[in-house]
Structures are given as C-alpha cells and as structure tokens.
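The values are calculated or read from the model by the stated rules, or taken from the named source; none is laboratory data. Source: prediction; values computed, not measured. Neighbour counts run over all protein chains shown; Cβ positions are idealised from the backbone, glycine included. For the accessible areas, the whole protein counts, side chains as well, though only heavy atoms, and no ligand, DNA or RNA atoms are used. Shrake-Rupley method; radii C 1.70, N 1.55, O 1.52, S 1.80 Å.
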Amino acid sequence: MQIVQDSGQLSNWKGCALIPTMGALHEGHLSLVRAAAREWSGPIVVTIFVNPTQFGNQNDLLNYPRTLEHDLEQLRPLGIAAAFTPSVEMVYPTDHQIWQPPLPPVAMTPQLEDLHRPEHFAGVAQVVARLVDLCQPQRLLLGEKDYQQLRVITEMVERESKRWPGLVVEGHPTIREPDGLAMSSRNQLLTTSERPRALGLVTALQAASAAETAAEAESRMTQILLEHALHIDYAVVRDATTLQPITSHQQPSRALVAAHLGHVRLIDNLATDFGSA
Ligand code: PAF
C-alpha cells in the first residue's frame, strides 16, 4: 500500500475503485474496502481527508476525530493499492478555483440534512468531485448510513456522465455494532451515559419497519426518540430515491432519523416496506 499525499502519482491507479473517507476508520469503512476487493479486480484507492467545506459548524470540524496512523494500520492488511491523504492545500489550491458541481434536487428539496446542515451537500459534492477528478475511478463506493449523501452523489455522477464516463456509484449496507447502533466516526464522541440513549435511533427505525403505514411509522419513531431523551431533527418516511414524502405505500421507501445527544448529532436510516402490509 502506497501512502500518497500528492496527486502526481495518482495516474498509476486510473480506473480504480475509490472509497472516499474522512478517516477515523471503523468496520463500516473497512467493509467497503473488503467489498471492493471481492468485486473489483482493479486497484483500490482509499482517500482520507477531513473536508473543511462540508462542516457548517467550526467546532464540529475541530472535534472531528483524526486517527491517521491507526487508519493506515487498519488499511495495510487489506491489500489496497494506495491511501491518498492529501493536505487542504492540495485539495483546495489557493491559486485556482475548484469546480463546484451543480447540486441535484435531492440535495436541496427534501428538507432533511439539506435543511439542518445548509452548506453541507455543496461541500460534499465539491470534495467528491475533486477526488474523482484527481483519482479518475471507475467505481465509487459509499455506505448507506449517510443515505441522502449517497443519493446526492449518485445523482451528481449520473448528471456528470460526460465528465466521468462509465463511473458507477455503489451504495453498501450500513454496518452496525452488535447492539444495532450504526457504526459512525462520531460514536467515539459519545459519553458512557449517552451511548445507551443512542440506541433510540435504531429502535425507532426498527419500529418504523414493523409499522403498517408511513404515518404510524413516523409517530412511533418520534415517540421512541423522545423516550430516549433525544433532540429530534427529523424522523420521517420518504421515497427511497427522491427522498420526497411518499404518495403510495407501494413506493420503495426509507425511514430516516437525525437526532442530537448533547453535542453529538447522529443519523441513521432503514428500508421500509408497507406494500406487503
Ligand atoms: O461520508 C463521508 O465520510 C464524507 O462526507 C465524504 C463522502 C468522504 C466526503 O468528504
């Protein structure tokens, strides 16, 4: 595994499978690397870059866990071609403007993350576009935990098919702790007393997937999040593709939640199926 800070060498791995991360790697990220290794015969490149432009809140950026040495230790046995760990100056050079891709509607209209983190998807789209331009992958692997992000990037890549011909975005299922908590770099920021309350998110989603209607799912989720003393940003059922409110129970749908515990904000989601009820 080569550790690359400069873009010069990246042309060696053109056509790779790319896994963009902000580091603080956990089993969710490592499972993406293993999936790429199983399904892809070409080189695999993992990027580790805490992207300042996607954090609205400077404290959130400062508190974001940074564990580069441990991240590289975890990647070494997995047989990837390269870990790309660029500096902020490499990704955002001061002498020229970095392209800001136009955002698809799913980044602006659902009133989910777009409402609660207004600058977030512009920053995510910009950094992912920049990393794709630099690494020129054929596959882009992302987890489903940040579900709206997955939809935003999928639609951005579809719209930019001339810029990135043949690039395919693959979403992979969320990896969970044994008790169900979705793996997230932010889990490290939870205190011992907050950790059990964080299970409110997955308990709420499981209740939503057992509900018979979207309205029942939303009301059960709200009740369970409040019982866990969580401050709710949203607890909704949406169309699985557009993230708009559903108009029929036959549509593939997704329950999505976001809530705060102290200074940590957690999100999670689960597929729902009311069609067979
Ligand atoms: O999901 C993340 O970790 C980040 O948003 C991403 C996709 C690596 C862009 O910085």
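Numbers below:
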{"item": "Verdict on Glu160 being touching a helix residue (DSSP H, G or I) at 6+ places or on another chain (Cβ under 8 Å), on the phi < 0 side of the Ramachandran plot, in contact (Cβ under 8 Å) with a residue 40 or more places away in the chain and open to solvent by less than 20 Å² (accessible area, probe 1.4 Å)", "result": "no"}
{"item": "Residue list for segment 183-205, filter: more than 11 Å from Val257 (Cβ to Cβ), part of a helix (DSSP H, G or I) and of a type in the set (S, T, N, Q)", "result": "Ser185, Asn187, Gln188"}
{"item": "Scan of segment 210-226 for residues that are among the small types (Gly, Ala, Ser) and either open to solvent by 50 Å² or more (accessible area, probe 1.4 Å) or over 20 Å from Gln244 (Cα atoms) (or both), ordered by number", "result": "Ala210, Ala215, Ser219"}
{"item": "Exclusive hit being open to solvent by 30 Å² or more (accessible area, probe 1.4 Å) and away from the ligand (no atom under 11 Å from the Cβ), set Pro105, Pro93, Pro110, Pro65", "result": "Pro105"}
{"item": "Flag for Leu141 being within 23 Å of Glu39 (Cβ to Cβ) and either in a loop (DSSP other than H, G, I, E, B) or not hydroxyl-bearing (Ser, Thr, Tyr) (or both)", "result": "yes"}
{"item": "Every residue from segment 126-147 that is in contact (Cβ under 8 Å) with a residue 60 or more places away in the chain and open to solvent by 20 Å² or more (accessible area, probe 1.4 Å)", "result": "Gln126, Leu134, Gln136, Gln138, Arg139, Gly143, Glu144, Lys145, Asp146, Tyr147"}
{"item": "Neighbours by Cβ (under 7 Å, 6+ apart or cross-chain): first from segment 14-30, on the phi > 0 side of the Ramachandran plot and hydroxyl-bearing (Ser, Thr, Tyr); second within 11 Å of the ligand (Cβ to nearest atom) and not in a strand (DSSP E or B)", "result": "none"}
{"item": "Unique residue being aliphatic (A, V, I, L, M), in contact with a strand residue (DSSP E or B) (Cβ under 9 Å, 6 or more places away or on another chain), open to solvent by 20 Å² or more (accessible area, probe 1.4 Å) and not in a strand (DSSP E or B) when the list is Ala271, Ala229", "result": "Ala229"}
{"item": "Subset of segment 6-23 [over 15 Å from Gln74 (Cα atoms) and within 23 Å of the chain's Cα centre (by Cα)]", "result": "Gly15, Cys16, Ala17, Leu18, Pro20"}
{"item": "Elements of type strands (runs of 3 or more DSSP E) contained in segment 1-116, each with 2 or more residues being within 30 Å of Leu256 (Cα to Cα), of a type outside the set (Ser, Thr, Tyr) and in contact with a Ser or Thr (Cβ under 8 Å, 6 or more places away or on another chain)", "result": "17-21, 44-48"}
{"item": "Only listed residue being out of contact with any strand residue (DSSP E or B) (no Cβ under 7 Å at 6 or more places or on another chain), within 20 Å of Leu243 (Cα to Cα) and at pLDDT 95 or above, chosen from Gln126, Gln111, Gln100", "result": "Gln111"}
{"item": "Output for segment 16-39, where each listed residue is more than 15 Å from the ligand (Cβ to nearest atom) and surrounded by fewer than 16 Cβ atoms within 10 Å (Cβ to Cβ)", "result": "Arg34, Ala37, Arg38, Glu39"}
{"item": "Flag if Gly42 is small (Gly, Ala, Ser), within 9 Å of the ligand (Cβ to nearest atom) and out of contact with any His (no Cβ under 8 Å at 6 or more places or on another chain)", "result": "no"}
